[in-house]
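K.L.:
Okay, here's the structure, questions in a sec.
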Ligand code: OAD
């Protein structure tokens, strides 16, 4: 059972010189990673994620915060990219390798699943859970081994390690944010996929793209604050909607 697709949307994507996609936690939901606004379960059910993902929480209780991130790291390690991630990687290859056009994937997710699915031009606006930063030296490196030997984890330099992710109240990385703004100002089609569009500045980028003349598309089973702004609202899970859309947009192989 496919979703009804407006031929004008298919034409707009085919004609686009530049496509920007913004993803949020919803695209990874079908891989088994809970979204932010899902209720927390198990040992974390009494915690509010917005209370854990802050510099203040880490200062107060680095052990609890690093255990929470480490449990997420362990959960993500068990998850695989889903059909939604894969459809975006396919669309990027078609747009860039086959047609020599632009494709930029902005993500608020820290799980790394887009790269694992084969997406190449990924801008991680909120960082990645696979890198941790020494709070003493500022040095970052990849930590894939689970679990850490002790909690809170320490770097080789003896400083506390924190995940290299953006916490509430922190600035987004400057280079990534500038890339995102530049691409939004010049794209022809902007997708907002699996995000509640509530957390700024990422949530503001759709307005920038819209104001710059892009056609906008939302993929989400629920309505969001931007549902009335977008040109097309595709109500459904990304893992179903995106493969159907990409199949319609791309010519059959061999043509
Ligand atoms: P949210 O948890 O706020 O929103 C997830 C969105 O995904 C909701 O709108 C759901 O309706 C939608 N959704 C659920 N299942 C879906 C599916 N299968 N397909 C498509 N959409 C689906 O997550 P984000 O918008 O990513 O920031 O949250 C933004 C930021 O707030 C996060 O990056 C994080 C957070 O608190 C920081 O930690 C700085």
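K.L.:
Filter segment 160-206 down to residues that are over 30 Å from residue 134 (Cβ atoms) and within 17 Å of the chain's Cα centre (by Cα), then give me how many there are.
P.N.:
Adding up the residues that qualify gives 15.
K.L.:
Output the number of residues of segment 227-255 satisfying the condition of being within 14 Å of residue 94 (Cα to Cα) and in a loop (DSSP other than H, G, I, E, B).
P.N.:
Final tally of qualifying residues: 6.
K.L.:
Within the bounds of segment 78-98, is there any residue that is within 13 Å of the ligand (Cβ to nearest atom) and either free of Cβ contacts under 8 Å to residues at least 40 places away in the same chain or farther than 20 Å from residue 236 by Cα (or both)?
P.N.:
no
K.L.:
Please determine whether any residue of segment 206-220 is surrounded by fewer than 23 Cβ atoms within 10 Å (Cβ to Cβ) and within 10 Å of the ligand (Cβ to nearest atom).
P.N.:
No: zero hits.
K.L.:
Here is a follow-up. So, residue 47, is that one within 15 Å of the ligand (Cβ to nearest atom), touching a strand residue (DSSP E or B) at 6+ places or on another chain (Cβ under 6 Å) and farther than 19 Å from residue 180 by Cα or not?
P.N.:
no
K.L.:
Take residue 32 and tell me if it is at pLDDT below 95 and closer than 22 Å to residue 118 by Cα.
P.N.:
yes
K.L.:
Right, something else. For segment 12-19, does any single residue satisfy the condition of being surrounded by 20 or more Cβ atoms within 10 Å (Cβ to Cβ), under 19 Å from the mean Cα position of the chain (by Cα) and either within 12 Å of the ligand (Cβ to nearest atom) or modelled with pLDDT of 95 or more (or both)?
P.N.:
yes
K.L.:
I want to confirm something. Restricting to segment 221-251 and keeping residues that are farther than 10 Å from residue 192 by Cβ and in contact with a strand residue (DSSP E or B) (Cβ under 6 Å, 6 or more places away or on another chain), which single residue is nearest to the ligand (Cβ to nearest atom)?
P.N.:
In this case the residue turns out to be 238.
The values are calculated or read from the model by the stated rules, or taken from the named source; none is laboratory data. Small disclaimer: the values here were computed from a predicted structure and weren't measured. Every residue, glycine among them, receives a Cβ derived from its backbone with ideal geometry; neighbour counts consider all protein chains shown.
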